[in-house]
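Inspection log for the structure reproduced underneath, given as structure tokens.
Laboratory data are not the source of any read-out in this text; all were calculated from the coordinates shown. What you see is a predicted model, and the numbers here were worked out from it, not measured in a lab. No Cβ is skipped: glycine too gets one built from the backbone with ideal geometry, and neighbour counts run over all protein chains shown.
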Amino acid sequence: MSESAVEARRLVKRFGEKTVVDGIDLRVPRGGCFGLLGPNGAGKTTTIRMILGHSPPNAGELTVLGEPMPVAGRRVRARIGVVPQEDNLDPDFTVMENLRVYASYFPHLDREPLEPFLMSLLDFVALADRAGERIQSLSGGMRRRLVIARALVNDPEMLILDEPTTGLDPQIRHLIWARLRELRNRGTTVLLTTHYMEEAERLCDRLAIIDHGRILAEDSPRRLVAAEVESNVIEVRIGPGVSPPVELVRHARLEVVDGVWHCHTDDPREVLEVLRNSPDLEYLHRPANLEDVFLRLTGRELRD
Ligand SMILES: Nc1ncnc2c1ncn2[C@@H]1O[C@H](COP(=O)(O)OP(=O)(O)OP(=O)(O)O)[C@@H](O)[C@H]1O
Ligand SMILES: [Mg+2]
């Protein structure tokens, strides 16, 4: 059995003249949670569509669960669970009917009797009491949880989630994180995309940061922070007409963002000393995080 869940070499996808995935090398290990992080339009969904065999690459090699893609698409998809970026539940059916119809796509499903198994999936995502309800009556968070339950119907070896928690409240987000951790601990490979740094930092064992169809960095969240940015950030709020102390520049890499000076440094002592002598400046001292890495690598320009 191959050790990688996904192995991509020099993978390319073009739409007309535009190269959307630009020769990426990607290895998603089996087991564990792997995150794809990138701004809007970076190529995350396109990459996932190639992994699922829904969109053939223009060049490169791709192996998923040890099988060549896209030729083995159908066989591979039977072993994967998918949570697409947009919920695609059938609005004419109830919660349970949605699962039942989906289960019928997997004729070899080794789950008899089926009904208690489907009920256990609803229970897993805290929807057991909604089994008979129509999709229209569900909140966004309930729909998202139902799509996750549906993705588990075929007992997948790998679960692929495209922005699983976008637009959801913190309570539901925490529930989804807990469930994804549980699945990972049971040995399911989890591959997700996200715009939330906190989600990536909490869930992912490894991450790839992707922009303009290229992978800019790939490692564990902690090692990315250690390797890509200074360990301390001191944010200084500069009021109108206040000129910041010039000494700051000497002791830190400075970045001005919307009237806030970000001082990036491995040794914050000098900066803090300067600020202590400037009582009219408000500041916040914090450890560097994944968002600092993300913004350092992908820049601050707006994407759409
Ligand atoms: N079928 C298509 N035809 C033409 N262009 C496409 C098609 N699908 C995607 N693109 C373009 O490819 C680029 C990457 O899109 P993709 O959906 O992969 O980005 P993403 O990283 O998932 O972004 P988001 O975070 O907004 O979901 C975008 O510029 C998009 O407009
Ligand atoms: Mg996307």
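What the table shows:
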item: Degrees separating the helix 114-124 axis from the principal Cα axis of the chain, which is the longest one; result: 10
item: Using θ = phi - 60° and Karplus 6.51 cos²θ - 1.76 cosθ + 1.60, couplings along segment 163-170 (whole Hz; Gly, Pro as x); result: 6, x, 10, 4, x, 9, 6, x
item: Residues ARG214 and HIS262, FRET efficiency given R0 of 35 Å [Cβ-Cβ distance, rounded to 0.05]; result: 0.85
item: Gap separating the Cα centres of segment 92-144 and segment 229-303, nearest whole Å; result: 49
item: Volume of the Cα convex hull of segment 4-222, divided per residue and given in Å³; result: 121
